[in-house]
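Reviewing the structure listed below.
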Amino acid sequence: MQLQPPEAEPVPHYLGHRERMKERFQNIGHVGFADYEMLEMLLYKSIRQGDTKPLAKALIARFGSLAEVLGAPEHLIREVKGCGPTIAFDLKFTSAITHRMIRSEIREKIVLSSWAKVMDYCVAAMAYESREQFRILFLDKKNALIADEVQQIGTVDHTPVYPREVIARALQLSASAIILAHNHPTTPFSIPLDHAQYR
């Protein structure tokens, strides 16, 4: 009687998945990657082993997009099953790095050369904040960014504005123009902008 070799254990579907994802990214960059796949790869740094896809999909399902995951408050991120303090911190730190990168990019350019860039910057800076912010971009006479400051933080649907403080700060910075912006936490992509010049 011939003995049959024991059946091999099934190979987990995620075995080698990280390497395949990294290779794919090296070949084509981020184009063609879904938000959950980018987040899945970002989670590799926080979760050293195992499948990060379910957690990435759970975060996207909870918040809606990669940008909204990174912009979500830390305490809400931690409410998602599988997200501890380390993962929440890593995501918020990534968000801060992204914000600084966009801010540096805008500082090196003439801000008003592209309203799309200003909008992208404002969305990255505050679109997903849970409370309304009143932000001021101070510009020099060549419309280059001098400073970006949050003057006030309000409630979910209101933030006070004090024109005297806005003007005083603009004079202190020798700004030639300002861009005033505030977010609406209930509708994250609604960020009104106003541009005012003064002498």
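The values are calculated or read from the model by the stated rules, or taken from the named source; none is laboratory data. Keep in mind that this is a model prediction, so the values were computed, not measured. In this analysis, Cβ positions are derived from the backbone assuming ideal geometry, glycine residues included, and neighbour counts consider all displayed protein chains. The accessibility values were calculated without ligands, DNA or RNA, using every heavy atom of the protein model including side chains. Shrake-Rupley method; radii C 1.70, N 1.55, O 1.52, S 1.80 Å.
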Legend entry - Condition broken by Ser95, with the remaining ones in (1) farther than 30 Å from Ala144 by Cα; (2) in a helix (DSSP H, G or I) satisfied: (1)
Inset, instruction - Would you be able to say whether some residue in segment 58-67 is of a type in the set (A, V, I, L, M), in contact with a Cys (Cβ under 9 Å, 6 or more places away or on another chain) and not in a helix (DSSP H, G or I)? - result: no
Legend entry - segment 174-185, subset surrounded by 13 or more Cβ atoms within 10 Å (Cβ to Cβ) and polar (S, T, N, Q), residue farthest from Gly71 (Cα to Cα): Ser176
Legend entry - Checklist (1) at pLDDT below 75; (2) exposed (fewer than 12 other Cβ atoms within 10 Å of the Cβ) applied to Leu171, failing item: (1)
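Rundown of residues vs (1) more than 30 Å from Met41 (Cβ to Cβ); (2) modelled with pLDDT of 85 or more; (3) out of contact with any Phe, Trp or Tyr (no Cβ under 8 Å at 6 or more places or on another chain); (4) open to solvent by 80 Å² or more (accessible area, probe 1.4 Å), yes/no style:
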position: Leu55; (1), (2), (3), (4): no, yes, yes, no
position: Ala61; (1), (2), (3), (4): no, yes, yes, yes
position: Val69; (1), (2), (3), (4): no, yes, no, no
position: Met101; (1), (2), (3), (4): no, no, yes, yes
position: Ile106; (1), (2), (3), (4): no, no, no, no
position: Ile110; (1), (2), (3), (4): yes, no, yes, yes
position: Asp120; (1), (2), (3), (4): no, no, yes, yes
position: Glu129; (1), (2), (3), (4): no, no, yes, no
Legend entry - Glu40 being at pLDDT 90 or above and closer than 26 Å to Asp120 by Cβ: yes
